[in-house]
Amino acid sequence: MTAADKVVVVGGGIGGVSAAVALAKRGTEVTVLERAPEIKEIGAGLQLGPNAGRVLQDLGVMDAVLRTAVLPHRFVLRDIYTGNEIYQATMGKEFVQRYGAPYTVIHRADLLDALLEVALATGNVEVVTGKEVVAVEQTDTAAHVRCADGSTYRGDAVIGADGLRSAVRRLTLDDSEPIRSEYVIYRGPGPRPEGTEDAVMLFAGDEIHLMQYPVQGGELLNRVLSFRSRTAAPGSEEWATREELFERFANTCDHIKESLHTLDLETRWVQFDRKPMAGWSDGRITLLGDAAHPMRQYLAQGAGQAMEDAVVLADALGSGAADVPAALAKYEEIRYPRTSAVQENTRFFGEMVHLGGAGAILRDAYLGTLADNDYSLAQWLYGTDGVAPPRVPGHMDIYSKS
Ligand SMILES: Cc1cc2nc3c(=O)[nH]c(=O)nc-3n(C[C@H](O)[C@H](O)[C@H](O)COP(=O)(O)OP(=O)(O)OC[C@H]3O[C@@H](n4cnc5c(N)ncnc54)[C@H](O)[C@@H]3O)c2cc1C
């Protein structure tokens, strides 16, 4: 029994399509409305921790994912200037047994294709593209959306999975601007140099980093390069230019310097997040994924958290829920503490990655004491045993930096 026979999902990204799969598998009819002319992801990679892996397994998507995903055998932190290894965590059999799912790295388009394939195979999901939702309303018995072309859709519930600049969020909760980071992102998959390990490798330096891992069956190497630029307002022409990039990476190790020449330096990505804000669920309308809790990328959890949302949402609406508003309130009550902790801690983790001077010396000395199979730092995030998330000290300080 489910409280909602028909649900409208706004947004056909990873969060929206995951929600469609989770709801459809429980017998709900789902209409996904996507603004773009086709369901498509940007050309970059994605890491999925075992918490997201468990969702993929639950949703029956893992087999499709494994057609192109790579299972890295370790996570490595290196000094970006010397190339020396600071810390490693193995992610083999012991890791998989402990967390019940592997760590996977995948091209975003491949993940979205896999989710869509499973969604459509349920027979309960209709995807309509070219539909920009511009209004959302509700009565005691239903929720409605209106699209820019004048068409309307009705459901027992409406899920706003429409990303960082969510229209559903703006219309129901909050119309503020997200926070822009001074850290620029250059990213994308490129040729995989011979001898590159099947590993997630993070090269950390003083307000700079480079992350790399293989995607597309190991054929390509995805890289994400970032540095804090203070030259101009984030996103403006003069901000984080190619010249500044080469200057900031001038004293990095040879591997990194060589990487710069094969990385796509055409597009500079601005990174955004928001402070946690409760109130996603308003009667028959709720938010999911980046619409609800956009976060910085340092813990590689934005998509994973959206996928976790999807399962909790479908469970709340299913399993004998009394009514839709109660089920959506329950969904937020379960998810808010977890997603807030990830939003805050991902900023904190970013600060740790970008330490310089004595801070970096202390970080490296501590991490150097950990065994390869000591996953205690990530237990709160990946585990199922209820380990509390790290309490972020000086909460306001974390958001005082952009
Ligand atoms: C550099 C970087 C690296 C990252 N790395 C990772 C990682 O390794 N692992 C991880 O888990 N996460 C990662 N993330 C985060 C992750 O990309 C996002 O959290 C995730 O894609 C959010 O999915 P979503 O479906 O909520 O939103 P989106 O992907 O933004 O999807 C929203 C969809 O809604 C559509 N839409 C928008 N407005 C409307 C409207 N009005 N009507 C209809 N449709 C609309 C959009 O076209 C889009 O298709 C990273 C982010 C960045 C920036």
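A single entry from R54, R35, R26 fulfils the requirement of being open to solvent by 30 Å² or more (accessible area, probe 1.4 Å), under 30 Å from A322 (Cβ atoms) and within 16 Å of the ligand (Cβ to nearest atom): R54. Here the condition is being farther than 30 Å from L23 by Cβ and either within 12 Å of the ligand (Cβ to nearest atom) or open to solvent by less than 20 Å² (accessible area, probe 1.4 Å) (or both); of T241, T262, T252, it holds for T252 alone. If I go through region 340-352 residue by residue, how many of them are farther than 13 Å from S181 by Cβ and of a type in the set (V, I, T)? Count: 1.
Where helices (runs of 4 or more DSSP H) fall wholly inside region 335-402, the ranges with 3 or more residues that are more than 25 Å from W280 (Cα to Cα) are 357-367.
When region 299-329 is filtered for residues that are in contact with a Ser or Thr (Cβ under 6 Å, 6 or more places away or on another chain) and open to solvent by 30 Å² or more (accessible area, probe 1.4 Å), only A329 remains. The set of residues from region 177-191 being in contact (Cβ under 8 Å) with a residue 12 or more places away in the chain and closer than 21 Å to T346 by Cβ comprises P178, I179, R180, S181, E182, Y183, V184, I185, Y186, R187.
Taking the criterion of being free of Cβ contacts under 8 Å to residues at least 60 places away in the same chain, part of a loop (DSSP other than H, G, I, E, B) and of a type outside the set (A, V, I, L, M, F, W, C), the residues of region 217-246 that qualify are E219, S229, R230, T231, G235, S236, E237, E238, T241.
Taken together, the criteria exclude A327 from residues that are farther than 25 Å from D175 by Cβ and either among the β-branched types (V, I, T) or assigned to a loop (DSSP other than H, G, I, E, B) (or both). Every test in (1) part of a helix (DSSP H, G or I); (2) of a type outside the set (A, V, I, L, M, F, W, C); (3) open to solvent by less than 40 Å² (accessible area, probe 1.4 Å) is passed by E117 save one, and that test is (3).
Each residue in region 188-216 was checked for being in contact with a helix residue (DSSP H, G or I) (Cβ under 9 Å, 6 or more places away or on another chain) and assigned to a loop (DSSP other than H, G, I, E, B), and 4 pass. Beta carbons closer than 6 Å, at least 6 apart along the sequence or on distinct chains, pair a first residue in region 292-304 that is more than 18 Å from R223 (Cα to Cα) with a second that is more than 7 Å from the ligand (Cβ to nearest atom) and part of a helix (DSSP H, G or I) for H293/T339; H293/Q343; M295/Q343; M295/T346; G304/N51. Restricted to region 149-178, and to residues there that are near the ligand (Cβ under 8 Å from one of its atoms) and over 14 Å from I285 (Cα atoms), the residue that is most open to solvent (accessible area, probe 1.4 Å) is R165.
Within region 315-356, the set of residues being closer than 18 Å to M295 by Cβ and of a type in the set (S, T, Y) comprises Y336, T339, S340, T346. All conditions in (1) surrounded by fewer than 24 Cβ atoms within 10 Å (Cβ to Cβ); (2) within 12 Å of the ligand (Cβ to nearest atom); (3) closer than 30 Å to A371 by Cα hold for K93, with the sole exception of (2). Scanning region 261-287 for residues that are in contact with a strand residue (DSSP E or B) (Cβ under 8 Å, 6 or more places away or on another chain) and farther than 30 Å from T139 by Cβ yields T262, L263, D264, L265, T267, R268, W269, V270, Q271, F272, D273, K275. Total residues in region 1-23 satisfying the condition of being within 13 Å of the ligand (Cβ to nearest atom) and in contact with a Lys or Arg (Cβ under 8 Å, 6 or more places away or on another chain): the figure is 3. Within region 133-156, residues that are closer than 13 Å to T172 by Cα have Cβ atoms under 7 Å from residues that are assigned to a loop (DSSP other than H, G, I, E, B) and hydrophobic (A, V, I, L, M, F, W, C) in these pairs: V134/A148, counting only partners at least 6 apart in sequence or on another chain.
In region 331-350, the condition of being of a type in the set (A, V, I, L, M, F, W, C), open to solvent by 30 Å² or more (accessible area, probe 1.4 Å), under 23 Å from the mean Cα position of the chain (by Cα) and modelled with pLDDT of 95 or more is met by at least one residue. Scanning region 272-313 for residues that are small (G, A, S) and outside any loop (DSSP other than H, G, I, E, B) yields G289, A291, G302, A303, G304, A306, A310.
The values are calculated or read from the model by the stated rules, or taken from the named source; none is laboratory data. Computed from a predicted model, the values in this text were never measured in an experiment. Reconstructed Cβ throughout: ideal geometry from the backbone, glycine too, with neighbour counts over all protein chains shown. The area values use the complete protein model at the heavy-atom level, side chains included, leaving out ligands, DNA and RNA. Shrake-Rupley method; radii C 1.70, N 1.55, O 1.52, S 1.80 Å.
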